[in-house]
Each structure stands twice: as C-alpha cells, then as structure tokens.
Amino acid sequence: MALKRALTAGWLLSDGILNTFPIGDPCDALTAVTEAHFAPDPFEGMNLMGAEWVYNRRWRYESHFDAPKEDDERVWLLFERLSGAGKVLVNGRPAGRFTGGEALIEVTEQLVPGENELSVCFEAPGLRLPAENPMPLLGLTGPVSLLTGNGLSLESLTSRPGDGKLAIDLALNVFAAGRYTFAYVASQDGALRRRWRFEEDLADGHVELTHTLSGLDEPDSPQADRHTFAYAASQDSALWQRWQLEANQKGGRKELTHTLNRLEKSENEVAVAPNAPLDVCLDITRSGVGCAQARFESRRPGSDEPRRTLLVRGGLTEDLAEALRAVGADSVWPEDDPAVRVKADSLFGLARVSEGEPFSCPACVRDLRAEAGDEAFWPPRSPIWRLRGGQAPDIAALSALYGKEAQTDGALAARLSRYEQAEAVLRYALDCRARGERAIVPWNAAWESLSSDAVTERGGRRRMACDALRRAWSQDAVWADWPAHETVEPGAALEIALWAATDKKDGLTVRLEASAWSMDGRCLARKEETVNVRQARRVGALSLTAPEDGVVIVRCALRGGVGRILCRLDRVLPVKGEGAPLKALIASPAALTLRGKAVVNAGQVAALAVGECLLPGEQTDTAEEWVNGETAAE
C-alpha cells in the first residue's frame, strides 16, 4: 500500500566529540547546538565568530523507523531539504549520497524486519569566518518522510491545460508488470466536476504515459438526491465572495444551515478569481491494491494568464501560498522546481510559471548582505550591502544620494537601503502593470543564505518592499508616475501623470482624488473627477508649482460609490537643494507618537514611508517603517 509517513520526533545529533544529544524535530546544526547550550546565541554581539567549530565538524543525525509489513513493497526516504553534502546509512549500510536540496533515496535492500536505524551524515564544509555567506545552514533543515509503494512508483507528473482539455504526463518506475488502473477525480471550489478512468498494461522498467482529461466544461453524471447550493455576495456592484456547498437531500421538507466563512476582507485583499483552479486527485491501483497517489491543482483551460509572480526559494506550503495571495500574487515560481515530483501548472491556487522562462528582476537593485538595527544579521549593526555582481561594499552610493549621514549612521543607512529597495520594487511592479507585462519578484532568501534581494528576510520578516508590492498589486490601484530618482527644480511648473487600474472584468466608475502637499502640510494642488477604470491607463494629470525646498507628496485615491476609499497611494518627489539630491527625504525628522494602536504625527513635518505619508496631525493604524523618523510611545 502506498503511504507517506513523517519521521519527526526522536532525532539525535552528534559530531564524534560531543556526547550525543536529542534535538526533537530535524533542524540545522547551529540551531541544535545553540538550543542545547553548547554554543552562545549567534545573533548576539560577535558570538558567531566563536561558533566556527560548528562548520568544522562531521554532524551525524540518527533516528529509528519500523519497516513496512508487506514483503513486496518498495521503500524510500524523502529528504525535503538537506543543507550540505553527505551520505545516508540504514542499519549501518550505505543507501545513497546527497549534495543538498531535496533527495529521494531507496532503502528497500537495507531494511530488516521490525525496527531500523537511520543515520544521515554530513561532511564538514570547513568554513572560516568572516565569509561571503557568514552563516550558512548545515544539516537537516526540512522534513524527512518514509515513502512506500506497491508495484510501481510515480517518478514525476506534469499537467498541461489547453483547448478545454488537461493533459497529464506521467513517468513511472514499474517493478511488477501487470494491469493498472488510473482513476482521476477533478473538483472545483469543493464541487465535483468530472471523473476519468484509464486501464493500462505495464511492463517492468521505466514507463512514460500521457492521459488526456477531456470534457472539463461538462458536468459529471448527476448523483441521485445530490443538491448544490451556490451563494454569491457583492458590494459596490463588485463580486466579494462565492460559496458552493453540496448535500444529499431526499424528497420532503428539510431544514439546513450553511455557514458562509471569511466575510471579513481588507481593502487590498484580492477577490476570489472566477476561474478557480481545478483540484485533481490521481489514484493508481493494481487488483484493488493502492500503488501510488498524487494530488495537484491545475488552472482551468482558458483562464487568464498570470501577471504577478513571486519567486519562492524553497518549498511552497499552503500557509506560504496564502501569504503570497494576500500580497496580490496570482502565480508562483518555485526555484527548486526540478526537484518537485508533481509539476502541476497551479500550486495552492497560484499558477505556476512555466519552466524555462527567463528570470529577470530589475526591481531588486541591491543584494543586501546585512542590515543594522535590531535585525538578526551578522555582524550586528553593520550596514553592508553590495550592488548586484559587485564585490566591494557600496557605502558611497547611498551617501551620494542622501548625504554623509548615510555613511556615519548605521541604522539610518540600513533603513535607507530598505527604502531604496522598496521604491524600486514599487516602481517596477507599477511599470509592469501599466504595460500589461508580467512582474516577477523574489519573495524570500535562499535557505542556505543570509543575504537576499527578496522582499522578505531569512526567517520570514517582511521588508518595506513587501508592503510596496502589496500596494502595487492591489485589486484596484491608482498612482502618480514619474521617472526613477527624479528631482525637480524649486518653483518649477509640474504636470504629474495619474494612472489607475482594476482587476474587475467589467471595470468600475469611481471618484479620483489627487492632491499635492509640502513637507509642512501645505496643500499645493488638488483635483477631483469621476473616471472609468478598466485596464491600466492614464486617467489624468495634476498641475502644480514645486515648493522652494523639501519634497512634494503626491497623494492619489479612488473612492467608491458609497464614499469608501478603494485604494490610496502616496509618493514622494524630492525638490533639488544643495548637496545630495535626495537629502531632503531625511533632512527633517518627523515627531511620531504611539497612542494606543495608532501612530500620530504630532510634529510640524510630514512622516515619509513607501506608499504612505503622514501629514502633520494625521494618524494611521498601519505598521509602517518611516524613513525620516521613528515612533516613540507617549
């Protein structure tokens, strides 16, 4: 019988010098020795320098598992994430080697009846600090599972939608010739769509098959007494949420209660797509005995092409997919795609970018090696960043833009580097939306790396760029447009282009509100008009005269029919002064105070952030990272 059983608790770790100690679930060697108090916290001070020895030991992970009772079953060990190179031993006998990443190792010949011993041995990388990557992961950094199969194993599965059909390419390793049944079941939003059944006579060895699932737009044969209840909720004439529930009901009167979940919804959350993905289940059997199973998602043929893609380094989980959708992504690019056994064109409701598509992200200008402040980077409070492809720390680049303060104040320099990245991500995503092109942005750092050009840090903490991306990818968007790093002359006459876009297929008619403000809260220009918004297009312009110094804050908003703000975006346009062109962004610190959960600007100068600014007297409940000030409790 095919099954997958996780090997979690009960792991032991040793290096041949320290006494063997328990670690519970698999984790990297540095984390394990820190939690066991063999090494100090590497994120404090310069403690990491004293942990060099961790990378110069041969670490050995040990566990136990019971062999399957069936004699004709094949058994594999699936390592979903290995950081480092080494070998796997079962009962002291070599089973296979690995070089990192994902590994699937067959251990059938090494098994004995009953309990079996498992050892995962890592080679010592011999790292000396400081290094290009000062704190790599080493050891078991992902789940370990025991896989069993009867008759055959599923090597890979790829789904390809098109022309109202879904083609399924299968690669199988057959080790017991015979007649096999392939049963597919497709559902959508929890409702059954269709079933398919194929019979195949398979010989021993490697076999490749293609099954075509047709009739996706036709309902399955009706089931007796089976009823479907469909609900739809809308607001401001826009679809809010759909639900579809099924129940068996015979003749006569019957009372039912249906609960419609997730009615709460933030302004920027993406509505449920009308072309929800298909959920496909495959069950392979031989003479009624289960041999292999697979479950995957696929986009419905004819659905919209994805436009907002996040590059994910490492495995994609359902929780992570939910976080990606909350940012506004409609597709994902798993960087470790070649190691994935089931290659569906959709993952957890996100379309998968086709393999082989070139990756280029001009949004991520800087490769941030470390940042100051309270972040878990080494060395602490040392702002070190490198231009893409560069080898030397580029401190002079920020100093040229913002002034000497960026070179002398480590926390400020780190904050400005995050601001630079967020501005680049925002500009890149909006430009792609305006041109109707796909935007691809890295979400997280590589598992073995401390540095990243992504919108989140190692460990999942989000940077300014993450919120900037959410604003650019919101269902409804409005923005002021000008070239990157543009500054204007004092007193110059300006005409700033205004753009708007919506994901609603039928478009919407809204009230456009645009205004310009100085740093001290003076209104420089204001404009309001009713506009029709469909695909991204220019909807107007805002005319004004630049102030003598500081910055121009351009605020754009779309307001719905009942007065509710659908979206808002603030952008900052610096005015040229003496010295560094962007020095005005940090020249005047804002006085921010925390009152309950609200941040209040109690000073005379506007507080600046990516996508949102606080004019004097304004307040917000969002947790922004302010460029020219920090929040202080009253």
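The values are calculated or read from the model by the stated rules, or taken from the named source; none is laboratory data. Keep in mind that what you see is a predicted model, and the values were worked out from it rather than measured. Don't worry about glycine lacking a Cβ; one is built from the backbone with ideal geometry, like all the others, and counts go over all protein chains shown. Heavy atoms of the whole protein, side chains included, go into the accessibility calculation; ligands, DNA and RNA do not. Shrake-Rupley method; radii C 1.70, N 1.55, O 1.52, S 1.80 Å.
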Anything in the range 586-607 that is of a type in the set (S, T, N, Q) and open to solvent by less than 70 Å² (accessible area, probe 1.4 Å)? List them, or say none. 588, 593, 601
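Would you check if residue 554 is in contact with a strand residue (DSSP E or B) (Cβ under 9 Å, 6 or more places away or on another chain), closer than 19 Å to residue 433 by Cβ and either surrounded by 14 or more Cβ atoms within 10 Å (Cβ to Cβ) or not aliphatic (A, V, I, L, M) (or both)?
Yes, satisfied.
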Inter-residue pairs, beta-carbon under 8 Å, first acidic (Asp, Glu) and in the range 522-545, second in a strand (DSSP E or B), 6+ apart: 528/511; 528/512; 528/513; 528/514; 529/511; 529/512; 529/540
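For (1) under 19 Å from residue 16 (Cβ atoms); (2) free of Cβ contacts under 8 Å to residues at least 40 places away in the same chain, each residue gets a yes or a no:
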| position | (1), (2) |
| --- | --- |
| 53 | yes, yes |
| 58 | yes, no |
| 65 | no, no |
| 76 | no, no |
| 81 | no, no |
| 96 | no, yes |
| 99 | no, yes |
Among (1) open to solvent by 10 Å² or more (accessible area, probe 1.4 Å); (2) within 30 Å of residue 88 (Cα to Cα), which single condition is residue 145 missing? (1)
Having 1 or more residues that are on the phi < 0 side of the Ramachandran plot and modelled with pLDDT of 90 or more is the bar; report the strands (runs of 3 or more DSSP E) wholly within the range 152-234 that clear it. 165-174, 178-188, 191-202, 205-213
For the range 96-125, enumerate the residues that are open to solvent by less than 30 Å² (accessible area, probe 1.4 Å) and assigned to a strand (DSSP E or B). 96, 98, 103, 105, 116, 118, 119, 120, 121, 122
Considering the range 63-95 alone, what residues qualify as being surrounded by fewer than 17 Cβ atoms within 10 Å (Cβ to Cβ) and part of a strand (DSSP E or B)? 64, 66, 87, 93, 94
How many residues does the range 290-333 contain that are closer than 23 Å to residue 435 by Cβ, open to solvent by less than 20 Å² (accessible area, probe 1.4 Å) and of a type outside the set (Ser, Thr, Tyr)? 8
Report, by residue number, each residue of the range 63-118 that is closer than 22 Å to residue 139 by Cβ, touching a strand residue (DSSP E or B) at 6+ places or on another chain (Cβ under 7 Å) and among the hydroxyl-bearing types (Ser, Thr, Tyr). 63, 83
Per the filter on the range 516-543, residues open to solvent by less than 10 Å² (accessible area, probe 1.4 Å) and either within 18 Å of residue 488 (Cβ to Cβ) or among the polar types (S, T, N, Q) (or both) are 516, 518, 542
Taking interchain pairs and intrachain pairs at least six residues apart, which have beta carbon atoms under 7 angstrom, with the first residue in the range 615-632 and under 11 Å from residue 590 (Cβ atoms) and of a type in the set (A, V, I, L, M) and the second open to solvent by less than 60 Å² (accessible area, probe 1.4 Å) and in a loop (DSSP other than H, G, I, E, B)? 615/521; 615/606; 627/609
Of the residues that make up the range 437-451, is at least one basic (Lys, Arg) and either assigned to a helix (DSSP H, G or I) or at pLDDT below 85 (or both)? no
Odd one out for residue 287 among (1) open to solvent by 50 Å² or more (accessible area, probe 1.4 Å); (2) within 20 Å of the chain's Cα centre (by Cα); (3) hydroxyl-bearing (Ser, Thr, Tyr); (4) at pLDDT 75 or above: (2)
Starting from residues that are of a type in the set (Asp, Glu) and modelled with pLDDT of 85 or more, keep the ones in the range 407-436 and report whichever is farthest from the chain's Cα centre (by Cα). 431
Go through the range 64-85 and give me each residue that's out of contact with any Ser or Thr (no Cβ under 6 Å at 6 or more places or on another chain) and under 16 Å from residue 117 (Cβ atoms). 64, 65, 66, 67, 77
